[in-house]
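Peer 1: Below is a structure I'd like to ask you about.
The values are calculated or read from the model by the stated rules, or taken from the named source; none is laboratory data. Being a predicted model, the structure only gives us computed values, none of them experimental. Using ideal geometry, Cβ is built from the backbone for each residue, glycine included, and neighbour counts are taken over all protein chains shown. Quick note on the areas: whole protein, heavy atoms, side chains included, nothing else; ligands and nucleic acids left out. Shrake-Rupley method; radii C 1.70, N 1.55, O 1.52, S 1.80 Å.
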Amino acid sequence: YTLLFDKRYQKKDSVISSVHTKVKGVAQTDKWIWDTAEYTIPMQANSFFVITNVIITENQIQSRCAEYPFANDLCSSHSSCIKGSVDQQSNGIRTGRCVNYNATVNTCEIMAWCPVESEKTAPVPAVLESAENFTVLIKNNIHFPKFNYTIQNIPQNFNASCTFSKKTFPLCPIFRLGDILQAANQNFSEMAIEGGIIGIEINWDCNLDWSHHCSPQYGFRRLDDKSTSKQPGFNFRFAKHYKQQNGVEQRTLIKAYGIRFDVLVFGTAGKFDFIELVMYIGSMISYFGLAVFVIDFYITYCSCCKSPVRIYHYKKKYETVQNPRRVLYVSYVDKAHITLIKEPLGRSLQDAEGSVVESHPEKFSDSVGCCTNSSNNDSVTEEHEMQRFHRERAYSQAHFKWCHCGKCQQTDKLHEQLCCRRKEGRCITTSPLFERLVLSRDNLNDVLLYKEPFLDLNSRNVNDKLRRCAFKQYIRWRFGSFDLEDRAVIPSCCRWKIRNTYPKDGGNYTGFKAI
């Protein structure tokens, strides 16, 4: 929707404009006829001013006279009027004398254009209340430099007798002043008394793709704050000077109230651009990632979301991780992977079901070879080995069924009932690799000295260090890393083989993992 109706596939450019205005109309008051030259004042930028009310002070000459009775200019003696001082509201410079303003009021005498302006409030009704029937022609030329496109608001079939109307003549550039204020929700008669500021908005929204649709839309609003208690409206003073026959310069002071019209031009033009299209589609696709975050946040944290939905979302989003202290890792010589088993156990660890967490095919191939006769032994030796295995297996089964290698030790603790094999076969402790990697004293001594170069290998507790080192060597061999040391379970047969090789003083052993 945004791509098509907001035209996001277009390259945009801002408007550059110029404005020219002409006001027409004539009004008659008690004293004279007001034409365009009388009531219009040239303004800077895109503005024009129409006088609607005046206070006229005629026949002013430079002389001495009493000041208007402002609060700071009231006096009772000459000492109240400091010579040469100027008050912020004064019309001139004080002479130092206190004189009569009228029969009841004394004010400081000033050197100024006399007589001073005596009226301070605007006449009601406004002198030029009929100015609402004046018209203004607004010429607006615009240019879009990126597209080298120029146009003006005067249509080709322009009718000079038309007057703007949103319904009948929406493109006519001639506006009646009363209609402008009415469109801005203002009363012309009220605003004409003290003046104000009105904004005439010209908005150009141009589509330059194919048909070059580019026409202005007009809007009107009041820009000043009419609720201001001090000096509301818009006014200023100017004077018309002339000389008397005796050569004395004289002037007429005019305080003009009126309406300033500011013409405000806005606009953009758009034209199809392939790069803009690609960039917008790319940014729009990126919002899908934000949508996922918003939906996830809403379902997770919004209190109005139903609990079944939240529970279902939680199950799909997160995978529950067991407490590391409540999981065990086991490795069988006849299986090509490490198995994760969760506690608590309801039966023997050997028979507990688990999940595959890591696969080592190369380790499995080595393991299979380590417990099979790869050498060309004579048939008598093989037969002797198999007979001994079956005797040990039969002896083990007479005591417990979880042992499949015939080398395990009997125990009532379920978490210690673990064999090196999943199915019947030779025990891993009979393999040459177990002897070399795990039990070899020379290898274990090298490992201990590698960590502690000055370790005394003849000390009394050296067996404890060798036993723990052998456990770690087994874990590194069977599990591939020391990271699983605290959770890896060593089979009963291997654990007791190591303990018998490097016994502990007193023979009291605790634990079933790597101690």
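Peer 1: Kindly indicate the residue of segment 308-329 that is open to solvent by less than 80 Å² (accessible area, probe 1.4 Å), aliphatic (A, V, I, L, M) and within 16 Å of LEU340 (Cα to Cα) and also modelled with the lowest pLDDT among those meeting that condition.
Peer 2: The residue in question is VAL327.
Peer 1: A further question follows. Kindly evaluate VAL19 against the criterion of being among the hydrophobic types (A, V, I, L, M, F, W, C) and in contact (Cβ under 8 Å) with a residue 24 or more places away in the chain.
Peer 2: Details: among the hydrophobic types (A, V, I, L, M, F, W, C): yes; in contact (Cβ under 8 Å) with a residue 24 or more places away in the chain: yes.
In short, yes.
Peer 1: Let me ask something additional. Which of the strands (runs of 3 or more DSSP E) contained wholly in segment 69-144 include at least 1 residues that are under 30 Å from VAL26 (Cβ atoms) and touching a Lys or Arg at 6+ places or on another chain (Cβ under 7 Å)?
Peer 2: Correct list: 135-144.
Peer 1: If you check ASP6, ASP73, ASP13, which single one turns out to be within 30 Å of TRP210 (Cβ to Cβ) and buried (at least 19 other Cβ atoms within 10 Å of the Cβ)?
Peer 2: On the way: ASP6 fails: buried (at least 19 other Cβ atoms within 10 Å of the Cβ); ASP73 fails: within 30 Å of TRP210 (Cβ to Cβ).
ASP13 is the lone residue from the list that is within 30 Å of TRP210 (Cβ to Cβ) and buried (at least 19 other Cβ atoms within 10 Å of the Cβ).
Peer 1: Which residues, taken from segment 204-254, are part of a loop (DSSP other than H, G, I, E, B) and in contact with a Lys or Arg (Cβ under 7 Å, 6 or more places away or on another chain)? Walk me through it before giving the result.
Peer 2: As a first pass, look at segment 204-254 and keep what is part of a loop (DSSP other than H, G, I, E, B): 208-212, 214-215, 223-234, 244-248.
Passing the criteria: LEU208, ASP209, PRO232, PHE234.
Peer 1: Moving to a separate point now. Of everything in segment 31-46, what is among the aromatic types (Phe, Trp, Tyr) and open to solvent by less than 70 Å² (accessible area, probe 1.4 Å)? Give them in sequence order. Break it down into steps so the answer makes sense when it comes.
Peer 2: Taking segment 31-46 first, the residues among the aromatic types (Phe, Trp, Tyr) are 32, 34, 39.
Of everything in segment 31-46, those that are among the aromatic types (Phe, Trp, Tyr) and open to solvent by less than 70 Å² (accessible area, probe 1.4 Å) turn out to be TRP34, TYR39.
Peer 1: Let me ask something additional. Would you say ASN159 is at pLDDT below 95, closer than 30 Å to VAL248 by Cα and either within 49 Å of the chain's Cα centre (by Cα) or polar (S, T, N, Q) (or both)?
Peer 2: Details: at pLDDT below 95: yes; closer than 30 Å to VAL248 by Cα: no; either within 49 Å of the chain's Cα centre (by Cα) or polar (S, T, N, Q) (or both): yes.
So ASN159 does not fit the description; no.
Peer 1: Quickly run through segment 437-476 and pick out the residues that are open to solvent by 30 Å² or more (accessible area, probe 1.4 Å), within 25 Å of THR339 (Cα to Cα) and without any contact (Cβ under 8 Å) to a residue 40 or more places away in the chain.
Peer 2: Result: GLN473, ARG476.
Peer 1: Filter segment 118-129 down to residues that are charged (D, E, K, R) and at pLDDT below 90 and give me whichever is surrounded by the fewest Cβ atoms within 10 Å (Cβ to Cβ). Spell out the reasoning first.
Peer 2: Looking only at segment 118-129, we keep the residues that are charged (D, E, K, R), and these are 119-120, 129.
Then drop every residue that is not at pLDDT below 90, which leaves 119-120.
Details: GLU119: 11, LYS120: 9.
Checked segment 118-129; the qualifying residue surrounded by the fewest Cβ atoms within 10 Å (Cβ to Cβ) is LYS120.
Peer 1: Please pick out the residue among GLN88, GLN28 that is farther than 30 Å from PHE261 by Cβ and open to solvent by 80 Å² or more (accessible area, probe 1.4 Å).
Peer 2: Working: GLN28 fails: farther than 30 Å from PHE261 by Cβ.
Exactly one residue qualifies, and that residue is GLN88.
Peer 1: Pull up segment 477-498, narrow it to residues that are touching a residue at least 12 places away in the same chain (Cβ under 8 Å) and open to solvent by 10 Å² or more (accessible area, probe 1.4 Å), then point me to the one that is nearest to GLN409 (Cα to Cα).
Peer 2: So the residue we want is TRP496.
Peer 1: Give the residue that is farthest from ILE16 (Cα to Cα), with candidates limited to residues of segment 153-212 that are touching a Gly at 6+ places or on another chain (Cβ under 9 Å) and charged (D, E, K, R).
Peer 2: If we take residues in segment 153-212 being touching a Gly at 6+ places or on another chain (Cβ under 9 Å) and charged (D, E, K, R), then GLU194 is farthest from ILE16 (Cα to Cα).
Peer 1: Under 6 Å between Cβ atoms, at least 6 apart or on separate chains: pull out the pairs that start in segment 171-184 with a residue that is assigned by the TED database to the domain that holds ILE154 and end on any residue that is outside any helix (DSSP H, G or I) and among the polar types (S, T, N, Q).
Peer 2: Pairs found: PRO173/ASN153; ILE174/THR135; ILE174/THR163; ARG176/THR135; ARG176/THR163.
Peer 1: Residue pairs, Cβ under 7 Å, 6 or more apart or interchain, first in segment 139-160 and without any contact (Cβ under 8 Å) to a residue 60 or more places away in the chain, second surrounded by 12 or more Cβ atoms within 10 Å (Cβ to Cβ) and part of a loop (DSSP other than H, G, I, E, B). List them.
Peer 2: ILE154/PRO173; PRO155/LEU171
Peer 1: Quick check on my filter: what residues within segment 251-269 are more than 30 Å from VAL15 (Cβ to Cβ) and surrounded by 16 or more Cβ atoms within 10 Å (Cβ to Cβ)?
Peer 2: Narrowing segment 251-269 to residues more than 30 Å from VAL15 (Cβ to Cβ): 251-257.
Passing the criteria: ARG251, LEU253, ILE254, LYS255, ALA256, TYR257.
Peer 1: Of the numbered conditions (1) among the basic types (Lys, Arg); (2) surrounded by 13 or more Cβ atoms within 10 Å (Cβ to Cβ); (3) farther than 25 Å from LEU128 by Cα, LYS226 satisfies every one except a single condition; which is it?
Peer 2: LYS226 satisfies every listed condition except (3).
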